[in-house]
Every structure is written in C-alpha cells, then in structure tokens.
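A.B. asks: Handing you this structure, nothing more for now.
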Amino acid sequence: MLLSDILYVEALGNYVKIMRRSGGHVLTRNNLKSIYNLLPSDRFLRIHRSYIIALDVVLSYSHTKITLKGDISLPIGIQYASFVAKRLGE
C-alpha cells in the first residue's frame, strides 16, 4: 500500500484499520503506536488515541473534531487537542 493512499488509520482493539483514499480498507493485526512510528510525521498526525490522519486531507477542525475530505468527521482527543491546533496552525 502506498502512503499516498492512506486517508486515516483507526485502532480497533488488537487490530488497526487503514482507510484507503481509493476506497475500502486494510485490516492488520498491529497496534496504532507501531503504525504511527512507521508513518512520516510531516504527512500524518495522531489526533486521538484511536486515530491517525493524513494531513493533506484535512478540510477543517475545531478543538473537538476534525473534518476530512469525503465528509468524514473524526473526534480529537482531549490530550491531543493542543498538539493538533499547534500542528494545523492555530
């Protein structure tokens, strides 16, 4: 899978679901932390204990949620809110 095909990554218990821009998803038995460590930090951002997003698909955000292309809305975790705001330029 190409990095450019990753829309966002979601933790699902002992699995991680990688949502693809081209449609569908890939399910892997891994944890979110290990996936996050593999992704380039200039292109991806952890916004919640359960979500990592591709930065180039962000349309808007507030302190509690982020909207991605495709009308996808994801929560921003309280402990990640200030980091997300700093990273996205608030």
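A.B. asks: For volume of the Cα convex hull per residue in Å³, the choices are [x] 164; [y] 92; [z] 74; which was calculated from the structure?
C.D. replies: Here the calculated entry is [y].
A.B. asks: Can you tell me, using C-alpha contacts under 8 Å and at least 6 residues apart, the relative contact order of the chain as a whole percent?
C.D. replies: Numbers: 138 pairs, mean separation 17.9, N = 90.
Result for the chain is 20 percent.
A.B. asks: Within the range 64-79, find all residues whose amide N lies under 20 Å from a label point positioned 7 Å from the Cα of R49 along Cα-to-beta-carbon.
C.D. replies: Within reach of a label on R49: 64-66, 74-79.
A.B. asks: Okay, next question. Taking a cut-off of 16 Å between Cα atoms, list the lysines near K65, but don't count ones fewer than 8 places away on the same chain.
C.D. replies: Counting by Cα, and skipping residues close in sequence, K65 has these lysines nearby: K86.
A.B. asks: Given the options R49, R20, R29, which has the most mean-square fluctuation in a GNM of the chain, springs set between C-alpha atoms less than 10 angstrom apart?
C.D. replies: Ranking R49, R20, R29 by mean-square fluctuation puts R29 first.
A.B. asks: How far apart, in nm, are two points set 7 Å out from the Cα along the Cα-to-Cβ line at S73 and at L2?
C.D. replies: Result: 3.1 nm between the two label points.
A.B. asks: On the accessible surface of the range 8-81, probed at 1.4 Å, how many percent belong to carbon and sulfur atoms? Don't skip to the end; give the middle numbers.
C.D. replies: On the way: 2150 of 4340 Å².
That share works out to 50 percent.
A.B. asks: Based on Cβ point charges of +1 for Lys and Arg and -1 for Asp and Glu, what charge dipole magnitude is obtained for the chain about its Cα centre, in debye rounded to the nearest 20? If you can, show how the numbers build up before the last one.
C.D. replies: Details: 12 positive and 6 negative charges, 43 e Å.
It works out to roughly 200 debye.
A.B. asks: Name the residue farthest towards the positive end of the dipole of the chain from the options M19, I35, A81, assuming +1 on Cβ of Lys and Arg, -1 on Cβ of Asp and Glu, about the Cα centre.
C.D. replies: I35
A.B. asks: Counting heavy atoms of the protein chains only and a 1.4 Å probe, report the per residue accessible area for the chain as a whole number of Å². It would help to have the intermediate numbers written out before the result.
C.D. replies: On the way: 5460 Å² over 90 residues.
Accessible surface, normalised per residue, equals 61 Å².
The values are calculated or read from the model by the stated rules, or taken from the named source; none is laboratory data. The model shown is predicted, which means the values in this text are computed figures rather than measured ones. All Cβ positions, glycine included, derive from the backbone under ideal geometry; neighbour counts span all protein chains shown. Side chains included, ligands, DNA and RNA excluded: accessible areas come from the protein's heavy atoms. Shrake-Rupley method; radii C 1.70, N 1.55, O 1.52, S 1.80 Å.
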